[in-house]
Every structure is written in structure tokens, then in C-alpha cells.
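Worksheet: one structure, shown below.
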Amino acid sequence: MRAPLVLWKELALVFLAACGSDPTAPVLSDLSITPKTGVPPGGEVQIAANFSDPDEDLPGGKSELGLRRTTEPRGRTFESPLGGEPTATGRVLLTVTLPAGLVPGPYEVALTVVDSGMRRSNALTATLDVTE
């Protein structure tokens, strides 16, 4: 049995600016995973993406992180609440501990956020290489 993904050891929103407008879905850009290769099962990765949220209602929403081994048709999605102060732009930062029993190989990581008005962002994807 695979161990569940231990998520959100550390979750932070770094905010850059603030301004209000009509309700809109947040937009993500510039997804990064550090490190992207050579991560052992049980290792940590940092996942980050810029966001734009003109109506400033991302706090009170949630992040959704999908993890799927590229040789399998389905993966799992893990959610975590988003806190912080209202702002129009910033960066979502997640520290994720991979389960110790994770099968080595390439994985697709997908990140979306949902604001407090239940509006879902675009999805960003990247590849993570898990090694023994």
C-alpha cells in the first residue's frame, strides 16, 4: 500500500500588490518545482507559481495538487487551504514531502487554485523525476 502524500509541510502566499475589481477566476503562471530531478521517495520538493487575482479573494480558497505517475492513466489530487491577506498578485509556495513508498519514475505534477468564490484557476503542469 502506498503511503499518502504528506502535503503542505509549509504553505505560504507571498504577496506583491493589491487592488480590487469584479469577481474573476485566479490565473496561474510560471510553475516551478525544485528540485525537478533526483528526488527520492520521502524527499521534499518546493512547488511555486505566480498568481493574478484581481478580485483579491484567493485567501479562504484552496490549492489543488495533482500527482500522477506518467505511465498510469490516473493519479491523486491533494487539497490544502490558502491563507494570507487579500492581494491581486503574488506567488503560491508549497513544500511537499513525497511518501516514502512512492514508486520511482517520472510523475506529472499539476497545480490549480480555487478562490473563496469557488472560481478555479487554469492548471499548470510540470514533470518530477523520483529516483531511488
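For region 97-119, the set of residues classified as under 20 Å from GLY60 (Cα atoms) and touching a strand residue (DSSP E or B) at 6+ places or on another chain (Cβ under 8 Å) consists of LEU111, THR112, VAL113, VAL114, listed by residue number. Pairs linking a residue in region 115-127 that is under 13 Å from ILE47 (Cα atoms) to a residue that is assigned to a loop (DSSP other than H, G, I, E, B) and of a type in the set (Lys, Arg), with Cβ atoms under 8 Å and 6 or more positions apart or on different chains, are ALA126/LYS36; THR127/LYS36.
The strands (runs of 3 or more DSSP E) found wholly in region 66-132 and carrying at least 2 residues that are of a type in the set (Gly, Ala, Ser) occupy 105-114. Would you confirm whether any residue within region 103-116 is surrounded by 15 or more Cβ atoms within 10 Å (Cβ to Cβ), of a type in the set (Phe, Trp, Tyr) and at pLDDT 90 or above? Taking every residue of region 103-116 in turn, at least one turns out to be surrounded by 15 or more Cβ atoms within 10 Å (Cβ to Cβ), of a type in the set (Phe, Trp, Tyr) and at pLDDT 90 or above. Residues of region 53-102 that are among the acidic types (Asp, Glu) and modelled with pLDDT under 90: none at all.
In region 96-107, the count of residues that are without any contact (Cβ under 8 Å) to a residue 40 or more places away in the chain and more than 13 Å from the chain's Cα centre (by Cα) is one or more. Residue under question is ARG74, and the condition is that it be exposed (fewer than 14 other Cβ atoms within 10 Å of the Cβ) and closer than 18 Å to THR127 by Cα; does it hold? Here the answer is yes, as ARG74 does meet what is asked. Scanning region 121-132 for residues that are closer than 29 Å to LEU58 by Cβ and exposed (fewer than 14 other Cβ atoms within 10 Å of the Cβ) returns ASN122, ALA123, THR125, THR127.
Beta carbons closer than 6 Å, at least 6 apart along the sequence or on distinct chains, pair a first residue in region 38-53 that is in contact (Cβ under 8 Å) with a residue 12 or more places away in the chain with a second that is of a type in the set (D, E, K, R) and surrounded by 15 or more Cβ atoms within 10 Å (Cβ to Cβ) for ALA48/ARG91; ASN50/ARG91.
The values are calculated or read from the model by the stated rules, or taken from the named source; none is laboratory data. Not measured: the values here are computed from a predicted model. Cβ atoms come from the backbone with ideal geometry, glycine included; neighbour counts cover every protein chain shown.
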